[in-house]
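In what follows, a single structure is set out as structure tokens and then discussed.
The values are calculated or read from the model by the stated rules, or taken from the named source; none is laboratory data. From a predicted model like this one, the values you see are computed outputs, not experimental measurements. Glycine gets a Cβ as well: all are built from the backbone with ideal geometry, and neighbour counts include every protein chain shown. Only protein heavy atoms, including side chains, enter the accessible area calculation; ligands, DNA and RNA are left aside. Shrake-Rupley method; radii C 1.70, N 1.55, O 1.52, S 1.80 Å.
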Amino acid sequence: MDGSFKLGRLFGIPVLIHFTFLLIIPLFAWIIGSDIEFTVSMVRNIFHVSIDDQLIHAGFNPYILGAIVAIGLFIGVFIHELAHSLVALRSGIQISNITLLFFGGVAAIEEQEPEPRTELVMALAGPLTSLALGLISAAFVYVIQMLVQSSPETGVLTYVFGYLAILNVLLFGFNLLPAFPMDGGRVLRAYLATKMPLYRATAIASSIGKGFAVIFGLVGLILFSPILILIAFFIYIGAGQESTVSRYNFLLKDVTIGQIMSSPVVEVPPRMPLTDVLSLMYQTKHLGFPVIDQSLLIGIITLTDLAKTPVLDRDAMQVRDVMSRNVIILNPNAPVMDALKIMTKHDIGRIPVMEDEKVIGIVTKSDIFTVIELREV
């Protein structure tokens, strides 16, 4: 994900942190610190314990404790996502990364749509982990009260663990809302997928998720909560994207690259002048060509490459000067969905198709979307 940097690896899974995560910690610290009296009272009343709040209210301590609680919460969010990932790994599903964002965390799986039973277990693993963390934190509240003599320091520990217990239980409940693509929405989709095709289950869960997103957005506007509005936005976008991917998977499930590729392919040599390439694009209506030198594929040139070149320089430049040399290729037996995923990930519009080290065709986004339109009829 753009704007993320790598922290390390855990259980072989890359752990990323998005720059927005660094912004939300001080914001949460300020929100919690500004409302410290209410939250201390809340912890005291929920757990029915005494809290010496002398140290809690001293100086800048409310904001320091706010930062500690915020960091503790996001550690819990990370463990929540790690639970999803470990269940996925045990089921043979590869995890691309875990990314910590301003509104929580995301475990990105390489297999877009696991089996319903697998998805059900994966979806429940995160919320149940949050519930377990909440119960463990609650247990610490009572252990601290029993074993440590009442003091300002005891009050701080009771407050921190009590507040984290409440937040993790709320996280458990919030994630079980059937707002796809949240965990509860995935549980709903997994249940529906046992009774109907997966793409239909996804469409229904996506519609419900969008409905919840609208509700979250309206509540966010009423309460002037930018965080809730942003969560609503990401739920709405995420639900739409996953529904689209599921529909494409269904429509393209039996289609291979060889069935839709364009062949024979118009090829260009590396020494062809750029002006000639542009003329060839006008003639053929193709916006990209494989570059072949002595029967070997050495690159690909597209309209984007030409557009990056100043008009005045094109007369003196050749294909080899501007072509893309790192060419992604596919074989004719590869699923079309693989091509679409690669094109989306790398922001490219076409992929050469090779067999026995020879270019036998080329597949473009236009080819794929034409097939999708035809199959929807």
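Taken over segment 128-152, the criterion of being more than 40 Å from the chain's Cα centre (by Cα) and either in a helix (DSSP H, G or I) or of a type in the set (Ser, Thr, Tyr) (or both) is satisfied by GLN145, MET146, LEU147, SER150, SER151, PRO152.
Screening GLY184 with (1) under 30 Å from LEU23 (Cβ atoms); (2) surrounded by fewer than 21 Cβ atoms within 10 Å (Cβ to Cβ) gives one miss only, at (2).
Scanning segment 221-242 for residues being open to solvent by less than 90 Å² (accessible area, probe 1.4 Å) and over 14 Å from the mean Cα position of the chain (by Cα) gives a total of 7. So which residues in segment 274-320 are in contact with an Asp or Glu (Cβ under 9 Å, 6 or more places away or on another chain), surrounded by fewer than 16 Cβ atoms within 10 Å (Cβ to Cβ) and closer than 28 Å to GLU355 by Cα? Hits for segment 274-320 are SER295, LEU296. Number of residues in segment 85-106 that are open to solvent by 20 Å² or more (accessible area, probe 1.4 Å) and either outside any loop (DSSP other than H, G, I, E, B) or at pLDDT 85 or above (or both): the value is 7. When restricted to residues that are open to solvent by 60 Å² or more (accessible area, probe 1.4 Å) and under 17 Å from VAL245 (Cβ atoms), segment 336-377 contains 11.
Here ARG44 fulfils each of the conditions (1) surrounded by 13 or more Cβ atoms within 10 Å (Cβ to Cβ); (2) under 30 Å from PHE234 (Cβ atoms) apart from (2).
Sub-7 Å Cβ pairs linking a first residue in segment 169-194 that is touching a residue at least 40 places away in the same chain (Cβ under 8 Å) to a second residue that is open to solvent by 40 Å² or more (accessible area, probe 1.4 Å) and of a type in the set (Gly, Ala, Ser), at least 6 apart or interchain, number zero.
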